[in-house]
Structures are given as C-alpha cells and as structure tokens.
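Down below is the structure, laid out as structure tokens.
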Amino acid sequence: MDRQLSQENSGVGSALGVSPEWNGASGFSSSPSKESLTVTYLQAADLSQELESDALHTLAIIDYGCRSAFSAIGKSLTLEVHLPPLTQPPFVEVWKSSAPVLCDRVQDIRLAFTDEFVFGCFEAVEHSGKELDELSRVAYERIFEYCTRSGFSHLLRMWNYFPAMNAEQDGLERYKRFCIGRHQAFAASYQKFASILPAASAVGTQGGPFQVLFLAGKQPGQPLENPRQISAYEYPAIYGPKSPSFARATLHRTARGGQLFVAGTASIVGHATQHQGDPAKQTIETLTNIDAILNRGRHEGSELWDINCSEGLLKVFVRNQEEFGVVREVLEGHELGKGHIQYVLGEMCRKELLVEIEGIWNLASLPHEEIHN
C-alpha cells in the first residue's frame, strides 16, 4: 500500500535562470514552475517494482531503517537516514518529477535534478576535534555555492539530521552549535536572509553521518510564518547564541496550483515549550500549530488556496518509543490524522519536546468567483 501527493504535469519547458544577486525581497514568481513533484510513502518491498515502471523520473529515495530496500536500485539518488520506523512494514519515501531526472555529485553533495528542481544531500562523517558549528557552516556554504552556480537559486525545503542532538559538545548543546554554523552561512551568503529562509526540520538520529538534505528550484517559494509562534529566527538568546534559521512553511506555486511544505512543528506557542512531560497534550498543541499554518497558507498572496487538511503526507518524530501509542491515538482522532502518516524515532531540538510533525499538502487555486462569494 502506498500514498502519494502529486500534481499533474502541465508541460515541461526550459527553466529560467536566476540572478545570484537575488535577495528574496519579492514574493511569488510570475512564472510558476511548469514541472510537478510527487512524494510517496511506499512499502520497501514494493520499491523495485515501482522503479521498474518509472525509474527515469525518480528524484530521490529516502530509506528510514530498511537498508535492504536499496539492493535493486541503479543510479537513483538514494539516501539512508538513521531514524528507525515505529510501524511495520518498513517504508521508503520516494520523490518523483514529471520531467526526466539526471544524477551528479559535486564535492560532498550528491544530486538528482531536472530542468527546474534539484534534490541534494550533503553528507559527512563527524571527526573528533571538529565542532558541529564548523561542519554545519561548511555544509551550508557548499550548498549555497552549488545552488547559485547551477541556477537552482531558491531553497524550498531543507532537512538536517545528525546524532546526539541534545548532547553537549565543549560546553554547548550540539543543536545550538549547529544553529551557529547555519546562521553564519546564511548571513555570509544572503542579505536580509530572513526573507528567503526555507521550511526546515532538524532531527536527532540514532547514529550515522551528519546530513543536510535540500530541495531547491529555479522559481522562488513564499516563506510563511505561524501567527501562534514567534519566528524561529527571532527567538531570544535563551535558546542559543544564534537563532534557528528556517521558515515555518514554504508555499511553492506550479502551473496547476501549488505545494505547501510545512516545517518540523512542535508544541511551542510564542517561543515557549508547552505541556512539558505530556506527550498527548504536546501532540494536540502541535496539531493546533499545523492547523494555524495551513490556514495562513489558504490566504497567501492575491489567491485563495484550497487545502484539504485530511490529504496531507505527514511524518511524525517521536522521542520516546514507549510514548508512540499515545501520540498515534491523538493523531487518529484528529482531522490531520486522516492523511497518510509515518512514525519514526528521533530527537527534537529541545530536550523537553516529545513529538514533532512535518508535512506536505497540495494546493488548488480557487476560481475568483469563489473568492468573492
């Protein structure tokens, strides 16, 4: 059984180049992406058959703990993330494009790309004596350099994975060190970078390398913030020397509508953690936050967007395996829980957070007569 989010292809054309001096001041591009992306959760056992039917359009395959799934894969971009799934059978996440895909490698970045989109992964093994802030700065600088030179200048979504997220390294929590390096790279590469920040997640893994996955395009997305929360990049200094550099969501237009990428979302109101020690209440608060950002997305720009809450593709990160049942019970009783969901074991950016949820939704632009009725 699989579940996917896709938009119909409306014709593939040559992508437009983007000036590297672009600083994100404008909103949506007047030229939506002509290609469309599909994201699928697929049982690992069904992967080979899926690739046999449509391997040329596979952008990326992400494995969460079922490594044998890659045995029959050829040249596709395949990534292993050490986040053990909490449900059976094992699943993989498959990204596809309506256009043919090519693969490449530039320094430490593995890539799969089309005319309009690139999916990439910077991956490095951490070495003793090298602090995480330096590694994260180098990772982001190399990603920015590649995106600028290649023309895929607009980051739409990023995922950051590394082990021991809440452990200390030379007197400072590793997540906070990661935020320092990421902030330094953004500040050095972009003016007023808050206006171009992509949606992002940062999750602590059960081992494995330091990884930064990213989706970028030749047309910009629109960063969105949550009215219930202070923007992460404006958090006070009590959360670390440098604030987290990400948007709560990115809304990306295509010729047939759009896609909303919702960042990793947790039980935070304003900037403060809510319901410490209570996984059920944290899950409810997290879903309330996602509802708020979906409502924000419905009214973005000059258009009114139709978003079906129950048709999202969600990934739920649970800190403690013994609390998985509680989290799932809350989701199953919520409208958002009617979408397709995968649960994995992972650490959140704050020790007191017990659950985090991210998601992807398709958007349809409503006719003008429906907007005014």
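The values are calculated or read from the model by the stated rules, or taken from the named source; none is laboratory data. From a predicted model like this one, the values you see are computed outputs, not experimental measurements. Cβ placement follows ideal geometry from the backbone for every residue including glycine, while neighbour counts extend to all protein chains displayed.
Give just the number: which of (1) within 20 Å of the chain's Cα centre (by Cα); (2) surrounded by 21 or more Cβ atoms within 10 Å (Cβ to Cβ) does residue 132 not satisfy?
(1)
Acidic (Asp, Glu) and at pLDDT below 95, is that true of residue 329?
Against the criterion (acidic (Asp, Glu) and at pLDDT below 95), residue 329 does not qualify.
Going through the range 211-237 one residue at a time, which ones are over 13 Å from the mean Cα position of the chain (by Cα), buried (at least 21 other Cβ atoms within 10 Å of the Cβ) and aromatic (Phe, Trp, Tyr)?
None - no residue of the range 211-237 is over 13 Å from the mean Cα position of the chain (by Cα), buried (at least 21 other Cβ atoms within 10 Å of the Cβ) and aromatic (Phe, Trp, Tyr), so the list stays empty.
Can you tell me which residue in the range 226-267 is nearest to residue 282 (Cα to Cα), limited to those that are in contact with a strand residue (DSSP E or B) (Cβ under 6 Å, 6 or more places away or on another chain), of a type in the set (A, V, I, L, M) and part of a loop (DSSP other than H, G, I, E, B)?
Applying the filter and picking the extreme gives 266.
Give the number of residues within the range 145-179 that are surrounded by fewer than 22 Cβ atoms within 10 Å (Cβ to Cβ), on the phi < 0 side of the Ramachandran plot and among the hydrophobic types (A, V, I, L, M, F, W, C).
Going through the range 145-179 one residue at a time, the tally reaches 2.
Does residue 325 meet the test of being within 26 Å of residue 43 (Cα to Cα), assigned to a strand (DSSP E or B) and of a type outside the set (D, E, K, R)?
no
Taking the range 265-286 as the search range and keeping residues that are small (Gly, Ala, Ser) and touching a residue at least 12 places away in the same chain (Cβ under 8 Å), which one is farthest from residue 157 (Cα to Cα)?
277
For the range 167-176, state whether one or more residues are touching a residue at least 40 places away in the same chain (Cβ under 8 Å), out of contact with any Pro (no Cβ under 9 Å at 6 or more places or on another chain) and either under 21 Å from residue 110 (Cα atoms) or outside any strand (DSSP E or B) (or both).
No, every residue in the range 167-176 fails to be touching a residue at least 40 places away in the same chain (Cβ under 8 Å), out of contact with any Pro (no Cβ under 9 Å at 6 or more places or on another chain) and either under 21 Å from residue 110 (Cα atoms) or outside any strand (DSSP E or B) (or both).
Is there a residue in the range 288-310 that is of a type in the set (Ser, Thr, Tyr), under 18 Å from the mean Cα position of the chain (by Cα) and not in a strand (DSSP E or B)?
no
Go through the range 338-358 and give me each residue that's at pLDDT 95 or above and more than 20 Å from residue 65 (Cα to Cα).
Those that are at pLDDT 95 or above and more than 20 Å from residue 65 (Cα to Cα): 349, 350, 351, 352, 353, 354.
Could you say whether any residue in the range 197-207 is over 18 Å from the mean Cα position of the chain (by Cα), closer than 24 Å to residue 357 by Cβ, in contact (Cβ under 8 Å) with a residue 40 or more places away in the chain and not in a helix (DSSP H, G or I)?
Yes, there is a match, as at least one residue in the range 197-207 is over 18 Å from the mean Cα position of the chain (by Cα), closer than 24 Å to residue 357 by Cβ, in contact (Cβ under 8 Å) with a residue 40 or more places away in the chain and not in a helix (DSSP H, G or I).
Any chance the range 31-46 includes a residue that's assigned to a loop (DSSP other than H, G, I, E, B), among the basic types (Lys, Arg) and either within 22 Å of the chain's Cα centre (by Cα) or modelled with pLDDT under 90 (or both)?
Yes, there is a match, as at least one residue in the range 31-46 is assigned to a loop (DSSP other than H, G, I, E, B), among the basic types (Lys, Arg) and either within 22 Å of the chain's Cα centre (by Cα) or modelled with pLDDT under 90 (or both).
Could you grab me the full set of residues in the range 211-225 that are farther than 21 Å from residue 77 by Cβ and not in a loop (DSSP other than H, G, I, E, B)?
222, 223, 224
Quick check: is even one residue across the range 184-198 surrounded by 17 or more Cβ atoms within 10 Å (Cβ to Cβ), of a type outside the set (Phe, Trp, Tyr), touching a Phe, Trp or Tyr at 6+ places or on another chain (Cβ under 9 Å) and under 21 Å from residue 83 (Cα atoms)?
No, because not a single residue in the range 184-198 is surrounded by 17 or more Cβ atoms within 10 Å (Cβ to Cβ), of a type outside the set (Phe, Trp, Tyr), touching a Phe, Trp or Tyr at 6+ places or on another chain (Cβ under 9 Å) and under 21 Å from residue 83 (Cα atoms).
Check residue 240 against each of (1) surrounded by fewer than 16 Cβ atoms within 10 Å (Cβ to Cβ); (2) small (Gly, Ala, Ser); (3) at positive phi and name the one condition it does not meet.
That leaves (1) as the condition not met.
Residues of the range 321-335 being more than 11 Å from residue 284 (Cβ to Cβ) and without any contact (Cβ under 8 Å) to a residue 24 or more places away in the chain, which ones?
Hits for the range 321-335 are 322, 325, 328, 332.
Taking the range 239-268 as the region of interest, how many residues are within 16 Å of residue 183 (Cβ to Cβ) and out of contact with any Phe, Trp or Tyr (no Cβ under 7 Å at 6 or more places or on another chain)?
6
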